[in-house]
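Written below as structure tokens is the structure these notes are about.
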Amino acid sequence: DGPSRQKSAGKPDYRPLYQDRNLLFLALAGFGVFWGIVGFTNWASALMVKSYHLPLVRAGFAVALFGAGAMVGKPLIGFVADRLGGHYKALSIFCVGSFMVMLLVFGRLSTESAFLFVAPFAGLTCQWSIPILATLITEELTVTLAGSATGLTNAVWQLSGAIVPIVVGKVFQATQSFSGAFLVLAAGPAFGVLML
């Protein structure tokens with residue numbers, strides 16, 4: 001429901017943003033999800049080329065299929081959430097957990113055909129928790145703080161994008177392990193599940 005004129009008047013009290021434990025957990029859960037998303041989009045192509053000598057164009061095509069799956073995932077999960085009539089917490093745990101599993105599966109692959117087959121399913125799972133998490137955030141606080149809560153949590157989510165490429169790069173440089181790099185990526189959604 002939109003805020004009434006009476007509710008929107010005056011200066012909002014921002015203290016609930018910093019005192020709400022659930023909001024903190026949602027911010028950390030999204031951090032874990034974006035850890036996997038940003039890490040995959042930054043590193044998957046290079047890892048496939050370096051580890052399994054895929055042609056760069058084919059590795060790029062696998063990442064494009066990942067992106068196509070992600071594009072389908074958001075409206076699909078929105079439809080599913082509406083059909084289930086809520087239950088956002090359980091649904092978000094399922095979504096984040098499925099992304100973790102797909103990252104682990106992708107990390108065990110070694111052939112071009114397998115990468116191309118699994119990539120869209122990994123993409124499907126990568127983004128479908130985002131609308132659910134966003135809904136949980138806006139429901140957590142009053143209408144007058146919904147924008148601030150969304151902005152603050154999204155800032156935490158994006159922070160992972162500045163960290164994960166460095167961490168995955170260091171792990172791969174030290175181990176030369178494709179599956180090890182994907183274990184690092186899957187650790188983000190695993191952390192997200194724990195936070196949820």
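The values are calculated or read from the model by the stated rules, or taken from the named source; none is laboratory data. All values reported here derive from a predicted model rather than from experimental measurement. Neighbour counts run over all protein chains shown; Cβ positions are idealised from the backbone, glycine included. For accessibility, only protein heavy atoms count, side chains too; no ligands or nucleic acids. Shrake-Rupley method; radii C 1.70, N 1.55, O 1.52, S 1.80 Å.
Would you check which residues across region 75-97 are open to solvent by 40 Å² or more (accessible area, probe 1.4 Å) and closer than 20 Å to LEU185 by Cβ and list them?
Across region 75-97, the qualifying residues are ILE93, PHE94.
Among what's in region 103-152 and is open to solvent by less than 20 Å² (accessible area, probe 1.4 Å) and among the small types (Gly, Ala, Ser), pick the residue that is farthest from PHE66 (Cα to Cα).
Looking at the filtered set, the residue picked out is ALA149.
For region 169-196, give me each residue that is over 30 Å from ARG21 (Cβ atoms) and β-branched (Val, Ile, Thr).
Hits for region 169-196 are VAL171, THR175.
Among the listed residues LEU116, LEU109, which satisfies the condition of being under 21 Å from LYS74 (Cα atoms) and of a type in the set (A, V, I, L, M)?
Testing whether each residue is under 21 Å from LYS74 (Cα atoms) and of a type in the set (A, V, I, L, M) leaves just LEU116.
Can you tell me how many residues in region 173-196 are more than 15 Å from PHE94 (Cβ to Cβ) and outside any helix (DSSP H, G or I)?
Residues meeting the conditions: 2.
Tell me, please, whether a residue that is out of contact with any Phe, Trp or Tyr (no Cβ under 8 Å at 6 or more places or on another chain), under 30 Å from LYS11 (Cβ atoms) and exposed (fewer than 14 other Cβ atoms within 10 Å of the Cβ) can be found in region 153-174.
Yes - at least one qualifying residue is present in region 153-174.
Among the listed residues GLY36, GLY32, which satisfies the condition of being small (Gly, Ala, Ser), touching a Cys at 6+ places or on another chain (Cβ under 7 Å) and at pLDDT 95 or above?
So the residue among GLY36, GLY32 that is small (Gly, Ala, Ser), touching a Cys at 6+ places or on another chain (Cβ under 7 Å) and at pLDDT 95 or above is GLY36.
State which residue pairs qualify: first residue under 17 Å from MET100 (Cβ atoms) and inside region 171-187, second residue assigned to a loop (DSSP other than H, G, I, E, B) and open to solvent by 30 Å² or more (accessible area, probe 1.4 Å) in any location, beta carbons under 7 Å apart, and separation of 6 or more residues or different chains.
Every condition considered, the pairs that remain are SER179/ARG108.
Out of PRO55, PRO12, which single residue is farther than 15 Å from PRO131 by Cβ and modelled with pLDDT under 90?
Exactly one residue qualifies, and that residue is PRO12.
For the condition more than 28 Å from LEU84 (Cβ to Cβ), modelled with pLDDT of 90 or more and under 12 Å from the mean Cα position of the chain (by Cα), what is the one hit in GLN176, GLN158?
Only one candidate passes the filter, namely GLN158.
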